[in-house]
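Got a structure for you, written out below as structure tokens; questions coming shortly.
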Amino acid sequence: MASPKRTEKLQIMLDDEELKVIDDWRFEHRMPTRAAAIRELIRRGLVAEDIDEPDTEGKSTTDFRVEPE
């Protein structure tokens, strides 16, 4: 089955720590590219049911830190 055609390009800014966590996850899960890893992490986040709602009251939604396991 062919994957859907990707027609939108997104630009995001990450700090070195966030990028390291994503790259570590990518290699641990043998993802072929960084983009594929990010798409998979987004997909997992969107289907997850046990995640608290984000606290965005008075905060920029871009201000977050990833806590490595």
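Can you compute the modelled spin-label distance between Leu41 and Glu17, with each label point 7 Å from Cα toward Cβ, in nm?
The answer from the label model is 1.4 nm.
I need the peptides 28-39, 2-13, 43-54 ranked by packing, meaning the mean over residues of other C-beta atoms within 10 angstrom, with the highest value on top.
Highest-to-lowest ranking by the protection proxy: 28-39, 43-54, 2-13.
Let me ask you something else. Residue separation times 0.36 nm, minus the C-alpha to C-alpha distance between Ile51 and Glu28: what's the value?
Details: separation 23, 0.36 × 23 = 8.28 nm, distance 2.24 nm.
Gain on extension, Ile51 to Glu28, equals 6.0 nm.
Quick note: the coordinates plus some simple rules give every number you see, no bench work behind them. If you're wondering where the values come from, they're calculated on a predicted model, not measured in any experiment. Here the Cβ is made from the backbone with ideal geometry for all residues, glycine too, and neighbour counts use every protein chain on show.
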